[in-house]
Amino acid sequence: MKKSNPPRLTSSRSPTLVSGEAALWAHDAALEEAAGFGLWQYHVTSGRLSLSAMAARYLDVPEGPARSLDEQLVHVVAGDLAQLLPCSKVLPTTPVQAELRVISETQGMRWLRWATLPLDPGTPGQLRGVVQDITELKHAQVRERLGFELTEFLIGSHSLGSAILSVIQLVCRNLGWEWGAYWALEPGSEGEPQLACHQFWHHPEHDMQAFTQASQALKMRPGEGLVGQVWQSGQGRWIDDMAGDPRFLRRASARENRLWSGYVFPVTYVTGDGSEHRPGVLEFFSSLSRQPDALLPKLATTIGALLAQTAQKLEQQATVLLLSQVDGLTGLTNRRHFYEVLGATCRHAEAQGQGFALMFIDLDRFKPINDAFGHDAGNTVLREFGHRLQQLAPVGAVAGRLGGDEFALLLPAAPSQHYAEVAELVRQAARRPMLHEGVELSLTASVGISLFPENGSTPPELLRSADAAMYRIKQNGRDGCDFFSEANPHALAEQQTHLMQRLQMAQDLHQALRRQELFLVYQPIFDLAHGGAHAIEALIRWRRPDGQLVPPDVFIALAEETHLIVQIGQWVVAQACRDLASLCAAGLPDLKVHVNMAAPEFTREALPQELTTLVQAHGLRPEQLSLELTESLLMKQPEQVMAVMARLRQRGFDISLDDFGKGHSALSLLKDLPISTLKIDRAFVRGLGQRDSERAILATIMDLGRHLGLQVITEGVETDTQLACVRGCGGQLIQGFLLSRPLPLDALRQRLLPDAAG
């Protein structure tokens, strides 16, 4: 079959002429537009290019006779035009394709695909082809590439400044803008917020000094100028004439650096609670006229959101880092970070040949305050002392909380007398009364000081020396200050002996379970209305092989420190269920047992299923096992604890809130707690019969419990007067030494079932 030539389209339009010769082709502009391409023809010998109407429109040149390449391709970027030069001299033997960027005053930057058609033997020396507008396709590709590069940059950014600068460079380089900047909201000199230019970038080959200086010197209030209006409205804005628009406050410098148009848009994001945040504004400017159909407005929302998310992420990371270095209660440096700072200080001091001091501070008589007035009072003391310590710390010092009531102060090089003066200020800060709920709380501080490098060259050595000096003060009556002295090592020896004793006790406690040295005693809870025992409370005891009884407040605290508490707690509840089953079989089928739970136990997800399996194995009902937790435990991790509580109640277990009122913290949560029993702390019983206010408080708590449908147990009843007052307030469930002390299982059985025991 004979190969046909490309069709020649006819039109009523005037033909395009080449050097005054006959018509090159007649074409239908409507068909070209519908097909989405324009036609061109190049004469190698004459070096002239003729364009169809559509091709001329794409290249932004007027229709007319054929002209030189320079005239017809005047708006093509020089670097892209170089792709076509070889074809202007020698006809290519194979089809050629190229992508050209066209920049014009009216249309901004657009992308064209330039393609040659196969050579026509009938028209020697001529090259024909088509040109297509692929701007939308390139926009999509740029959006995808820019989005990927933005995400890559922002994920790897370690500061907001570097992230923003990367974004500005990417936009300018990919989208053809000459100048870009970020304006951030910051407090002004009079406290009012203002927008200031924080980051900027421009192509190095462009002189933007005047505009840059004007931008850096300018401060705008929200609503002032174009940038302020964009921040206030939250909407992007075009500016078509920077030198003449009154909204634009840098008109003179824009005119000087020949900037003409721009686009300004906010950096905005919405938080999880629906609140909108606008940390700043991005702006980009060009020496060309930019129309609203350019690419940047289509990417502005994505750019702003990505940048805002990065700002939010970096803020969160900074917060997390700060929280990981700061003690949550006092705001001082926490134990881990203080050790890091101490190590860095040792290395720096050794390299510089300098000295410094480490002050170890222990609050005297803190535990009695905590026990008498509750954890809230203890927290008030720690928080206030931490604040005072931070206030008195000299310039360059680092204050930290090492845990519990132990604090430390890292002091830069100074004479020993200066260290002694700071220690005296610390002691005065501890002695000043601290107010908690109208009560003045007073305590003292014991302070030990070690010097670098005299008393140690590493953090452990310095801490041991300062601790030993502090321990010597403790042994000599507290409330004092002492420097560590190698000449008098008694403090260190005494401290090491004390530590060795605790380590040995911790090791013995590990063996106590295996050797069956732990045992339970039970204190009955009596029902005054119906007579007899309502329940029993399981209390753990430890008897060493030599017969010595270790106080529970000693080894329970040690168990928590050594993470043995969960294992011990599992043994307690298993033994309590075993003993309860024997009492039920002996004639007390409805008796309950109360078991105290430690914090790590009550936060375990597996606890409900473990307890269900346990009571079933012993033939008990879930409601016969009452799990006691304290207010302090509840307030440490309320969400996690309450979730486990709810699942336990769903399975039928009884939950009792122990020591109610001691912590002064759970009242607001009481209405929502999944509990069945309230145990009134013995502190509200101790003063009964002495002050009318004590009776009024007790009666109020009992009424509160009854109105909430809870069983109310009054513990700590030790005198007849207290018992009479409890009865008068409507108390029904009573626990205390007056009615029964804690008893071993056999003695308990005899107490509750005298006939069966006999």
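The values are calculated or read from the model by the stated rules, or taken from the named source; none is laboratory data. Computed from a predicted model, the values in this text were never measured in an experiment. A quick note on method: Cβ atoms are made from the backbone with ideal geometry, for glycine too, and the neighbour counts reach across all protein chains shown. Heavy atoms of the whole protein, side chains included, go into the accessibility calculation; ligands, DNA and RNA do not. Shrake-Rupley method; radii C 1.70, N 1.55, O 1.52, S 1.80 Å.
Hey, can you find the accessible area per residue of segment 357-436 for me, probe 1.4 Å, expressed in square angstrom?
Working: 3300 Å² over 80 residues.
For segment 357-436, the per-residue accessible area is 41 Å².
Using protein chains only and a probe of 1.4 angstrom, how many square angstrom of residue 642 are accessible, to the nearest 10?
Result for residue 642: roughly 50 Å² accessible.
So how much accessible area does residue 482 have, in Å² to the nearest 10, using a 1.4 Å probe?
40
Contour minus end-to-end for residue 612 and residue 235, with contour as 0.36 nm per residue of separation and end-to-end as the Cα-Cα distance?
Working: separation 377, 0.36 × 377 = 135.72 nm, distance 5.94 nm.
The residue 612-residue 235 span can extend by a further 129.8 nm.
Between residue 582 and residue 203, how many nm apart are label points set 7 Å from Cα along the C-beta direction?
For the pair residue 582/residue 203, the computed spacing is 9.2 nm.
Quick check: residue separation of residue 513 and residue 287 times 0.36 nm, minus the Cα distance between them. What number comes out in nm? The partial results should precede the final answer.
Values: separation 226, 0.36 × 226 = 81.36 nm, distance 8.26 nm.
Result for the pair: 73.1 nm of gain on full extension.
Could you report the accessible area of residue 68 in Å², rounded to 10, computed with a 1.4 Å probe on the protein chains as they sit in the structure?
We get 40 Å² for residue 68.
Could you please put 298, 367 in sequence from largest to smallest accessible area, using a 1.4 Å probe? The partial results should precede the final answer.
Working: 298 90, 367 120 Å².
My answer, sorted largest first, is 367, 298.
Can you put 104, 166, 287 in order of accessible area, largest first, using a 1.4 Å probe? List each step's numbers first, then the result.
Numbers: 104 5, 166 25, 287 50 Å².
So, going from the largest accessible area down, we get 287, 166, 104.
Among residues other than residue 596 whose Cβ falls under 11 Å from its Cβ, what is the net charge (Lys/Arg +1, Asp/Glu -1)? Display every interim value, and only then the final one.
On the way: positive: 679; negative: 537, 601, 628, 658, 659.
Local net charge: -4.
What nm distance separates the two modelled labels at residue 444 and residue 255, each placed 7 Å from Cα along Cα→Cβ?
So the two model labels end up 8.0 nm from each other.
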